[in-house]
Amino acid sequence: MTETIDQSDKLDDRDSKVGPGGWPVPADDERRVAALRSYGVLDKQQSQPDLDAALRLAAYVSGLPVASINLIDAERMWQAASFGRAPVELPRQSAICSWVVTGKDVVHVADASLDDRFATLPAVTDPSDPVRSYASAPLRTRDGFSIGTVCVYSPQAGQLSDLQLGLLRDVADQVMRLFELRRTAAALARAASSDALTGLANRRSVEQAIGSAIARADRGLGMPSVVVVDLDSFKQVNDLYGHAAGDAVLRAVGDRLRRTARVVDTVARLGGDEFVVLLEHTGGPGASAALARLRGSLEAIDELGEGVATNELRASLGIATYRPGDSVASLLARADAEMFADKSQRS
């Protein structure tokens, strides 16, 4: 049987503390908020077929006209989806569901206006669409954090049955499974497009990005450039210090390139000791200036890790700017040729 809370009961707040305005927050709220944000579901499009379907089911099993998925962030309640009314965003202290994340089970009140905790909240006092009969099931992560709720309500008072409340909890469990699947899919997508050692884009990902940039350039939308970076004497680093030291060098170089490039650019590791930077909308003098910045950033590295001295490693760089008729392969090949020319000039 589903445990519920009605007007005469109190939330179990043994593991909660009082927040601003007297509203409760879990004692480990920072970890709870971090868990919520790890799902990447905040501030997304608020009309999604799977979430909308879950809310239609929640409204049906409860018999109440309004249903929503409410995510309780650090200082706000954000609705990931809503059925029966437009989605809203509220200060956390104004949201009834802020109380629900302090507990573990469904909360139900037959008339929120008669409950001392909720009677003065804006959602309850709103004359146009007041909350009266209210039920809310927490969205519980596998680690036991309540990151939000599946909530249903009506402007008329009324009691829900234990069966209805149990079904509402089942809907909340299914919503959490949707969130878990989305997080897993996102992680797999990142793994498929990222270099495992450096976290940069991998060859497949950067080639796709270059292809897209070329397609835009063919339509007259910008002129991309590509920089190829190759580390000189990297084999000697591996031979002298070991592969752990070599990995540390690759991570340091990748991090420096990523921090030097712009947000719109793509930094990738092609493999071995070779890196690529796609410079979006950057040709002519801008490309030369970007190349100089990248070169200077690598020369300024003051720590390579694992005991490797910075003077033991240098980088050769080459750049190529889009020309009409370029393919991904031809653009990379021209940048590669420029990199080898740079290497030969300094050897």
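We did not get these values from a lab; they are worked out from the coordinates using the rules stated. Worth saying up front: this structure is predicted, and the values here are computed from it rather than measured. Glycine also receives a Cβ, built like all others from the backbone with ideal geometry; neighbour counts cover every protein chain displayed.
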### Message
Suppose every Lys and Arg Cβ carries +1 and every Asp and Glu Cβ carries -1, with no other charges. What dipole size does the chain come out with about its Cα centre, to the nearest 20 debye?
### Response
820
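Let's see if you can work this out: charge +1 on each Lys and Arg Cβ, -1 on each Asp and Glu Cβ, no other charges. What is the dipole magnitude of segment 136-282 about its Cα centre, in debye to the nearest 20?
Values: 18 positive and 17 negative charges, 66 e Å.
Roughly 320 debye, rounded to the nearest 20.
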### Cα extents of the chain along the three principal axes, largest first (Å)
83, 49, 32
### Summary
Quick calc: nm separation of the 7 Å Cα→Cβ label points for Ile301 and Asp126 -> 5.5
### Summary
For segment 203-346, whose charge dipole is built from +1 on Lys and Arg Cβ atoms and -1 on Asp and Glu Cβ atoms, the candidate among Tyr322, Ala335, Val229 with its Cα farthest towards the positive end is Tyr322
#### Entry: Dipole of segment 16-191, positive end: most advanced residue of Ala157, Leu57, Ala95 [Cβ charges, Cα centre]
Leu57
### Task
Helix by helix through the chain, keep the DSSP H runs that span 24 Å or more along the axis on Cα and average at least -0.5 on Kyte-Doolittle, and give those back in order.
162-193, 243-260, 328-346
### Most positive-pole-ward Cα, Ser344, Leu167, Pro130, against dipole of the chain from beta carbon charges
Ser344
### Message
If the only charges are +1 at each Lys and Arg Cβ and -1 at each Asp and Glu Cβ, what is the size of the charge dipole of segment 79-176 around the Cα centre, to the nearest 20 debye?
### Response
180
### Task
May I ask for the distance between the Cα centers of segment 39-82 and segment 150-170, given as a whole number of Å?
15
### Task
Could you tell me the largest-minus-smallest coordinate of the C-alpha atoms of segment 188-311 on each of the three principal axes, in descending order and whole angstroms?
49, 36, 20
